[in-house]
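These notes concern the structure reproduced below.
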Amino acid sequence: MKLRIAIQKSGRLYEDSVQLLKECGIDLRNVKDRLKTESDNFPLEIFFLRDDDIPQYVEDGVADIGIVGENVLYEKNKKAVIVEKLGFGKCRLSVAIPRSQQYEGVQSLQGKRIATSYPYLVNEFLAKNNIQAEIHEISGSVEIAPGIGLADVVADLVSSGSTLLMNGLKEVETLLQSQAVLIRNNDLNAEQQKLVDKLVFRIRSVKKAKHNKYILLNAPNDKVQEIIALLPGMKSPTVLPLAEQGWSSVHSVLSEDTFWDIIEQLKAAGAQGILVVPIEKMII
Ligand code: ATP
Ligand code: MG
């Protein structure tokens, strides 16, 4: 039996999705311009689809799992379980209005024409806020709608905000924060679930490794205690004697969040020759 995964065929999620599978040690054959492929070293079949179609395929069980943006998943409102947030494809669904216009809260959207590719989510937002507005569904280049008189405001995906800026728009409301997620069909059998668990275990090891760095440093023996106190490490740091008398080498793992702070403190405490090495996998 093979697990079937649906990923985006081309577009913003494609590279990161393929990369993630590769980092999980899954070899993919000939991914370019194919509709589907399989792995030689993991029981996985990969379907390449438009991202809009992925929630439906997973709900129907044509694919067992899929990688898709939360924005698309919620917009399609299909039955699927989020297994893991993947940390890429980050963006938000926002309402933006022409920069010259005043904004005094959601009531400013009353009676407006809103261009969007996300009618379901926008409708939900409007209903929640008791706003009557006209939704104009368009499938691409939503940001030009106000400029050509098609709509008064837009609800679109934003990451840096530069597209809005270029089109003379400003962001006034955020409807949703989104990133790519791994989803699964609602009722997988035990064998399929086991394969999903296996894949998720690998994904977590890869994510964890990206978030951490391996560090090696040298220190005079009389500073080692102070240095160890600064290091969190998985258990406790490794301390090895150097060939040079009176010196030790200390090895540990640091999380990206605290990384620079701790490096500074280590230097101040007398650490020398600090090496920082990326970690490929982290199994905990
Ligand atoms: P498809 O042909 O598969 O339908 P698409 O044109 O609908 O592709 P892309 O533009 O490739 O979709 O975006 C795919 C996903 O990438 C989005 O649904 C969203 O989750 C994520 N994403 C991240 N940042 C952005 C951004 N700035 N603009 C649009 N999407 C983004
Ligand atoms: Mg799409």
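The values are calculated or read from the model by the stated rules, or taken from the named source; none is laboratory data. Treat the numbers as computed from the prediction; the structure is a model and nothing was measured. Counting neighbours? That spans all protein chains shown, and the Cβs are built from the backbone with ideal geometry, glycine included. These area figures cover heavy atoms from the full protein model, side chains too; ligands, DNA and RNA do not enter into them. Shrake-Rupley method; radii C 1.70, N 1.55, O 1.52, S 1.80 Å.
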Please give the number of the condition Ile138 fails out of (1) modelled with pLDDT under 95; (2) closer than 30 Å to Tyr14 by Cα. (1)
Number of the exception - Gln177 against (1) within 30 Å of Ile5 (Cα to Cα); (2) part of a strand (DSSP E or B); (3) in contact with a helix residue (DSSP H, G or I) (Cβ under 7 Å, 6 or more places away or on another chain): (3)
Report, ordered by the first and then the second residue, all pairs with beta carbons closer than 7 Å, sequence separation of six or more or different chains, a first member in the stretch 189-209 that is farther than 13 Å from Ile283 by Cα, and a second member that is open to solvent by 70 Å² or more (accessible area, probe 1.4 Å). Glu191/Met1
Can you work out which of the residues in the stretch 38-88 that are touching a Phe, Trp or Tyr at 6+ places or on another chain (Cβ under 7 Å) and away from ligand 1 (no atom under 13 Å from the Cβ) is farthest from Leu13 (Cα to Cα)? Asn77
Given (1) surrounded by 16 or more Cβ atoms within 10 Å (Cβ to Cβ); (2) touching a helix residue (DSSP H, G or I) at 6+ places or on another chain (Cβ under 7 Å); (3) touching a residue at least 60 places away in the same chain (Cβ under 8 Å), Lys79 misses just (1)
Being without any contact (Cβ under 8 Å) to a residue 24 or more places away in the chain and open to solvent by 30 Å² or more (accessible area, probe 1.4 Å) is the filter here, so list the residues in the stretch 101-118 that pass it. Gln101, Gln102, Glu104, Gln110, Gly111
Filter the stretch 5-32 down to the residues that are part of a loop (DSSP other than H, G, I, E, B) and within 15 Å of ligand 2 (Cβ to nearest atom), then identify the one that is least open to solvent (accessible area, probe 1.4 Å). Leu13
Just for strands (runs of 3 or more DSSP E) wholly inside the stretch 33-144: which have at least 3 residues that are out of contact with any Pro (no Cβ under 8 Å at 6 or more places or on another chain)? 36-38, 44-49, 65-69, 81-85, 91-98, 113-116
